[in-house]
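Peer 1: Can you read through this structure? Questions will come right after.
The values are calculated or read from the model by the stated rules, or taken from the named source; none is laboratory data. None of the values given here were measured: they were computed from a predicted structure. Here Cβ is always computed from backbone atoms with ideal geometry, including for glycine, and neighbour counts include all displayed protein chains.
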Amino acid sequence: MRYLDATIDQPASTRHPMQAFIAETDAVRREELLAWQAVPGRDIEYALFLVEGDLDRYREAIAGVDSVPEFQLSPVDEDRFHSFVVQETRPEDAAWRAAFAERGLVVTFPVLYDAGGRMRLRVVGEAGALRSAFRDLPEGLSATVHHVGDLDHRLGSPAARLTARQREALAVAFDAGYYEVPRETDLDAVADELDCARATVSAHLRKAERALVADALGAE
């Protein structure tokens with residue numbers, strides 16, 4: 001079993017109106033699709049998003065989307081809110097989804113929509129199916145592949161990017177108070193606990209921190 005991380009960019013003519021809104025305005029900095037479900041036998045689907053941006057401008061935009069008959073917005077804090085959407089399935093979206101579904105591939109959540117309206121996602125399945133799916137995407141869609149690998153680590157959390165040694169170093173440092181403000185310990189103490197060199201611990205922590213920050217920002 002393999003996984004593939006990629007960014008998919010749809011042409012303006014086939015983008016969902018809310019993707020176009022994200023790309024063409026500064027109202028939304030980031031949107032994550034947390035859950036999605038289709039209604040069998042009907043062209044209706046339900047989706048839950050976490051949005052970072054301007055709630056009022058988002059509400060005004062989504063209220064004008066014909067394919068969205070119902071939605072609810074729920075604030076999380078001053079910068080983020082959840083968006084629960086009931087929408088009609090658009091043929092443009094069904095086409096690219098079919099490239100994955102027909103090959104037995106699974107898209108894992110969350111799916112990230114960046115400030116340009118592009119989709120960053122992870123797809124899981126057999127190697128040959130992954131290759132053919134991205135080779136046969138509908139005309140006009142472009143894909144940038146970021147990572148391909150064996151499915152040999154856990155999914156569903158930023159920690160999936162870390163090696164076992166990096167997770168261990170983070171856990172020891174955290175428990176010792178290295179990430180408290182102010183710090184309650186230093187690298188030398190963490191290195192002693194892990195029985196390795198200070199430079200080694202420092203490298204593990206820097207790589208782990210970078211991976212977690214990159215995940216939070218949707219970056220590489």
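Residues checked against (1) over 23 Å from Ala20 (Cα atoms); (2) touching a residue at least 24 places away in the same chain (Cβ under 8 Å):
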position: Phe71; (1), (2): no, no
position: Ser83; (1), (2): no, yes
position: Gly116; (1), (2): no, yes
position: Gly125; (1), (2): yes, yes
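Peer 1: Suppose the filter is of a type in the set (A, V, I, L, M, F, W, C), farther than 20 Å from Pro40 by Cα, out of contact with any strand residue (DSSP E or B) (no Cβ under 6 Å at 6 or more places or on another chain) and crowded, with 18+ Cβ neighbours inside 10 Å; does Ala63 pass it?
Peer 2: Here the answer is no, as Ala63 does not meet what is asked.
Peer 1: Which of the residues spanning the range 183-198 are among the aliphatic types (A, V, I, L, M), within 14 Å of Arg165 (Cβ to Cβ) and surrounded by 13 or more Cβ atoms within 10 Å (Cβ to Cβ)?
Peer 2: Those that are among the aliphatic types (A, V, I, L, M), within 14 Å of Arg165 (Cβ to Cβ) and surrounded by 13 or more Cβ atoms within 10 Å (Cβ to Cβ): Val190, Ala191, Leu194.
Peer 1: Checking the condition at pLDDT below 95 and exposed (fewer than 15 other Cβ atoms within 10 Å of the Cβ), which residue from Ala208, Ala214 passes?
Peer 2: Ala214
Peer 1: Criterion first (of a type in the set (S, T, N, Q) and either within 24 Å of Asp5 (Cβ to Cβ) or assigned to a helix (DSSP H, G or I) (or both)) does Thr185 satisfy it?
Peer 2: Considered against the rule, which asks whether it is of a type in the set (S, T, N, Q) and either within 24 Å of Asp5 (Cβ to Cβ) or assigned to a helix (DSSP H, G or I) (or both), Thr185 comes out as no.
Peer 1: Kindly establish whether Ala99 is small (Gly, Ala, Ser), without any contact (Cβ under 8 Å) to a residue 40 or more places away in the chain and within 28 Å of Arg161 (Cα to Cα).
Peer 2: For Ala99, the condition - small (Gly, Ala, Ser), without any contact (Cβ under 8 Å) to a residue 40 or more places away in the chain and within 28 Å of Arg161 (Cα to Cα) - is met.
Peer 1: Working only within the range 1-60, note down all residues that are part of a loop (DSSP other than H, G, I, E, B) and surrounded by fewer than 17 Cβ atoms within 10 Å (Cβ to Cβ).
Peer 2: Within the range 1-60, Met1, Pro11, Ala12, Ser13, Thr25, Asp26, Val39, Pro40, Gly41, Arg42, Asp43 meet the criteria.
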